[in-house]
Structure formats: structure tokens, C-alpha cells
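Here the structure is laid out as C-alpha cells; the discussion comes afterwards.
The values are calculated or read from the model by the stated rules, or taken from the named source; none is laboratory data. Fair warning: this is a prediction, and the values are worked out from it, not measured in the lab. Counting neighbours? That spans all protein chains shown, and the Cβs are built from the backbone with ideal geometry, glycine included. Note: accessible area is taken over every heavy atom of the protein model, side chains too, but ligands, DNA and RNA are not part of it. Shrake-Rupley method; radii C 1.70, N 1.55, O 1.52, S 1.80 Å.
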Amino acid sequence: MSDTDVAAWSALLRVHAALVPVLDRELQNTCNLPLTWYDVLLELYHAPDRKLSMGELGQKAVVSRTRVSRVVEALGAAGLVTREGNPDDRRSAYATMTEAGRARFLAAAPVYMAGIKRHFTDMMTKQEARTVAVALEKVLRG
């Protein structure tokens, strides 16, 4: 493994560790919405009918699969998501975004996007941001 390999990996981990708490704090202070909640709402917002099985949500959301269940439970208690059983498979369930969840997500989106811009993409040129996005997508597809 080269020094460049280690440097790239190290930079990715350090940026993630540095920025996630900052974005979480900004969302909580401005919107009273933890980043984990925003992440789950983001995936549901973009899902067909704003609904995903818990398994699909566990694969798509950035939070761990085991944590998704707890986040959905908390979102349900806040009235932002409903959880319903799957009539075809009693072992699985669906999470569905409510109208209140949609409104809360849309209100938080500008804060989230501004945070990404201010703390991440503003630190690089457009071309560098494109290169980072393309490179990381390659890793995800690999």
C-alpha cells in the first residue's frame, strides 16, 4: 500500500469524523432535528410513495442497520414516520414518511445543504468536488 493510499483513506475518515458532528449540531440547533433523523427522512423522501421496508432503509441510510430501527421508532414517536407491518411477510415492516415528516424534512433541507456547502464543497473547486464525487461513487460501486 502506498503513502497516497493511506493518505486518501485517512483524509476520508478525518473529514467524516470532523464534519458529521458539525452538521448534526447545526441541524439540532436550527431545526431540532438530529442528523440521523434527517438521514432517514432523506431516504424516505426520495423513495416511491415515501415508503421503504426496514431492510431497504437499513441498506440506504447512513446510520447502522441496527440503529435504523431505533431512529424510526423515535421518528414515529415524533409523528414524522409511521411504521406498519408487511402483510406479505410478518417478519418485516415498512417505514412511511408522514406529512409532518415531509414538512420537517423540507424545513431542514436548506440548513443541511448550506452546511455541506460551507463546511465541505466551499473548501474545494468545482472540479475537485466533482472528482471527489466520481471517485467515491466508484468505490461504492466496486
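The table below gives the values:
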item: Test: residue in segment 1-11 that is under 24 Å from Val132 (Cβ atoms), aromatic (Phe, Trp, Tyr) and more than 15 Å from the chain's Cα centre (by Cα); result: yes
item: Test: residue in segment 127-140 that is outside any helix (DSSP H, G or I), of a type in the set (S, T, N, Q) and either on the phi < 0 side of the Ramachandran plot or open to solvent by 50 Å² or more (accessible area, probe 1.4 Å) (or both); result: no
item: Enumeration of residues in segment 48-65 that are of a type in the set (Gly, Ala, Ser), under 21 Å from Arg141 (Cβ atoms) and in contact (Cβ under 8 Å) with a residue 12 or more places away in the chain; result: Gly55, Ala61
item: Meets criteria (open to solvent by less than 20 Å² (accessible area, probe 1.4 Å) and closer than 19 Å to Leu23 by Cα) for Gly115; result: yes
item: Unmet criterion (only one of (1) without any contact (Cβ under 8 Å) to a residue 40 or more places away in the chain; (2) exposed (fewer than 15 other Cβ atoms within 10 Å of the Cβ); (3) not acidic (Asp, Glu)) for Ala107; result: (1)
